[in-house]
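Reading through the structure tokens given below for one structure.
The values are calculated or read from the model by the stated rules, or taken from the named source; none is laboratory data. None of the values given here were measured: they were computed from a predicted structure. Cβ atoms come from the backbone with ideal geometry, glycine included; neighbour counts cover every protein chain shown. Side chains included, ligands, DNA and RNA excluded: accessible areas come from the protein's heavy atoms. Shrake-Rupley method; radii C 1.70, N 1.55, O 1.52, S 1.80 Å.
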Amino acid sequence: MAKVVKNLSVDFLGVHFPNPFCLSSSPVGNCYEMCAKAYDVGWGGVVFKTIGPTSFKVDEVSPRFDQLPKEAKPFIGFKNMEQIAEHSLEENLRDLRRLKEEYPDRVLIASIMGTCEKDWEELAALVTEAGADMIECNFSCPQMTSHAMGSDVGTNPELCAKYCAACKRASSLPLLAKMTPNITDMVPCAKACMEAGADGIATINTVKSITDIDLDTKTALPIVNGKSSISGYSGKAVKPIALRFIQQLRTGIEDLPISGIGGIETWEDAAEFILCGATTLQVTTSIMQYGYRVVEDMKDGLMHYMQEQGVDSLMDLVGVANKNIIPAEELDRDYIVYPHIDEEKCIGCGRCYVSCFDGAHQAISFDSDTRKPSVDTKKCVGCHLCALVCPVHAITKGDVVLKEGRSGKIEDKKPFSRGWVETM
């Protein structure tokens, strides 16, 4: 593939990012050495691991990570029981100063978390003095041991507003509110933050979870002296949840500035977050699997996508998908797209037949002699479960027909996407 060079820089809340890729506030940005290495390999920004008040003592458990596997895939999702930065406030502030002095052209975002208004004010003032470019209020960590901190705060609009206002009293820096997905509707809390002075929203933080139960010890993983706890779930598996919340935020609060987080591992993931309305992107679990250099692939892929789309600025792609994601009741229900089975590609495994019979509408027949499936259009409803389970991608979208009694022109319909082969 030929080398493509595009300008990946973005301006977000008045701050210039050389590219949209940032470390999220997490174990991957826990000290000067880690953040400096990330800058050196090309990350555009760092959200330093959340800094707390001196009154809160971090005391971590061991072990504190777990992964969720599926069949041959060992790392679908990731469970993290880690808390905020374990270093002293003085050490964290020293690292912030050093990072900004040595990397003045890279963005440094200070994530903070307090237990009361006084804590939030003091922390906001201290990280401002240390040279941070932006502040992120962590209202969303799901494994804090105090109900005055973390995701319990992020479900309370009054507390969100109170703490955002406290930060704005102490600092003139742009302010991000990092929201929790452990809530039915994020919009009320996000609105409360914005009305109280926040300049944008960062989301999502991790999802409260239990990933696995050990069948021998009868407790969740990881096991800490025979016990475990509910804690944060991240990785590729949470991407659909993150995109859902970002879409709802952009629908509920027009042109809301968003820093997107949650399952970003590839350039395609990055592009999806941008199209859904995120301007900057934060990454953790992918780094924990592949290291900081994963950003090279994400940047390269995103530049090729920009070339393909004919755009010179990433800002031209932000939120483009929002208008195409509509309430379910507004979707066009007038037509059916039947599946098309490519007999040359088909290996006769019967997966489509089994899935359709046991999990859908019994619309596929299977000839045991020829080992070839066929579609009964009188029963088929066009759900395309068969295409999703086919291991060799032999099933594509075929004929498009209007449902009985519906009017309109088939040529006006747009049932196909980039990922499908048209057979019409």
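Of the numbered conditions (1) touching a residue at least 24 places away in the same chain (Cβ under 8 Å); (2) open to solvent by 20 Å² or more (accessible area, probe 1.4 Å), residue 186 fails exactly one; give the number of that condition.
Only one criterion is unmet by residue 186, namely (2).
Here is a list of conditions, (1) part of a loop (DSSP other than H, G, I, E, B); (2) over 20 Å from the mean Cα position of the chain (by Cα); (3) in contact (Cβ under 8 Å) with a residue 24 or more places away in the chain, and residue 211 meets all of them except one; can you say which number that is?
Every listed condition holds for residue 211 apart from (2).
Evaluate segment 405-420: report whether one residue or more is surrounded by 12 or more Cβ atoms within 10 Å (Cβ to Cβ) and touching a helix residue (DSSP H, G or I) at 6+ places or on another chain (Cβ under 6 Å).
The answer is no, given that none of the residues of segment 405-420 is surrounded by 12 or more Cβ atoms within 10 Å (Cβ to Cβ) and touching a helix residue (DSSP H, G or I) at 6+ places or on another chain (Cβ under 6 Å).
So residue 217 ticks every box in (1) exposed (fewer than 15 other Cβ atoms within 10 Å of the Cβ); (2) part of a loop (DSSP other than H, G, I, E, B); (3) in contact with a helix residue (DSSP H, G or I) (Cβ under 7 Å, 6 or more places away or on another chain) but one. Which box is left unticked?
All conditions are met except number (3).
Condition (residue is touching a residue at least 24 places away in the same chain (Cβ under 8 Å), of a type outside the set (Phe, Trp, Tyr) and under 20 Å from residue 414 (Cβ atoms)) applied to segment 369-383: is it met by at least one residue?
Yes, segment 369-383 contains at least one residue that is touching a residue at least 24 places away in the same chain (Cβ under 8 Å), of a type outside the set (Phe, Trp, Tyr) and under 20 Å from residue 414 (Cβ atoms).
Report, by residue number, each residue of segment 248-286 that is assigned to a helix (DSSP H, G or I), modelled with pLDDT of 95 or more and over 21 Å from residue 305 (Cα atoms).
248, 249, 250, 251, 252
Select from segment 85-125 the residues that are open to solvent by 50 Å² or more (accessible area, probe 1.4 Å), farther than 25 Å from residue 281 by Cα and assigned to a helix (DSSP H, G or I) and list them in ascending order.
90, 91, 94, 117, 118, 121, 122
Only one residue in 95, 119, 105 is under 29 Å from residue 208 (Cα atoms) and in contact (Cβ under 8 Å) with a residue 40 or more places away in the chain. Which one? Lay out the reasoning, then the answer.
Numbers: 95 fails: under 29 Å from residue 208 (Cα atoms); 105 fails: under 29 Å from residue 208 (Cα atoms).
Result: 119 is the single residue among 95, 119, 105 that is under 29 Å from residue 208 (Cα atoms) and in contact (Cβ under 8 Å) with a residue 40 or more places away in the chain.
Could you figure out which of (1) open to solvent by 50 Å² or more (accessible area, probe 1.4 Å); (2) without any contact (Cβ under 8 Å) to a residue 24 or more places away in the chain isn't true of residue 169?
(2)
If residue 19 satisfies all but one of (1) of a type in the set (S, T, N, Q); (2) open to solvent by 20 Å² or more (accessible area, probe 1.4 Å); (3) touching a helix residue (DSSP H, G or I) at 6+ places or on another chain (Cβ under 7 Å); (4) under 30 Å from residue 316 (Cα atoms), what's the number of the condition it fails?
Unmet condition: (2).
Yes/no matrix, rows are residues, columns are (1) in a loop (DSSP other than H, G, I, E, B); (2) within 27 Å of residue 406 (Cβ to Cβ); (3) under 35 Å from the mean Cα position of the chain (by Cα):
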position	(1), (2), (3)
333	yes, yes, yes
337	no, yes, yes
340	no, yes, yes
345	yes, no, yes
354	no, no, yes
358	no, no, yes
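Restricted to segment 326-354, and to residues that are of a type in the set (Val, Ile, Thr) and open to solvent by less than 80 Å² (accessible area, probe 1.4 Å), which residue is farthest from residue 21 (Cα to Cα)?
The residue in question is 354.
Considering (1) at pLDDT below 95; (2) not in a loop (DSSP other than H, G, I, E, B), say which one residue 414 fails and leave the rest.
So residue 414 meets the others, but not (2).
Filter segment 126-166 down to the residues that are at positive phi and either open to solvent by 40 Å² or more (accessible area, probe 1.4 Å) or at pLDDT below 95 (or both) and list them by number.
Matches in segment 126-166: 150 only.
Would segment 29-38 turn up any residue that is open to solvent by 20 Å² or more (accessible area, probe 1.4 Å), over 30 Å from residue 308 (Cβ atoms) and among the aliphatic types (A, V, I, L, M)?
Yes, segment 29-38 has at least one match.
Under 8 Å by Cβ, and 6 or more places apart or on different chains, what pairs join a residue from segment 136-156 that is assigned to a helix (DSSP H, G or I) with one that is of a type in the set (Phe, Trp, Tyr) and at pLDDT 65 or above?
151/139; 153/139; 153/163; 154/139
When segment 287-312 is examined, which residues are found to be part of a loop (DSSP other than H, G, I, E, B), open to solvent by less than 50 Å² (accessible area, probe 1.4 Å) and over 18 Å from residue 45 (Cα atoms)?
To start, the set of residues in segment 287-312 that are part of a loop (DSSP other than H, G, I, E, B) comprises 291-293, 310-312.
If we keep only those that are open to solvent by less than 50 Å² (accessible area, probe 1.4 Å) as well, we get 291-292, 311.
Across segment 287-312, the qualifying residue is only 311.
Going residue by residue through segment 323-341, is there one that turns out to be at positive phi and among the small types (Gly, Ala, Ser)? Write out each step before concluding.
Of all residues in segment 323-341, those at positive phi come to none.
Within segment 323-341 (the criterion being at positive phi and among the small types (Gly, Ala, Ser)), the answer is no, since none of the residues qualifies.
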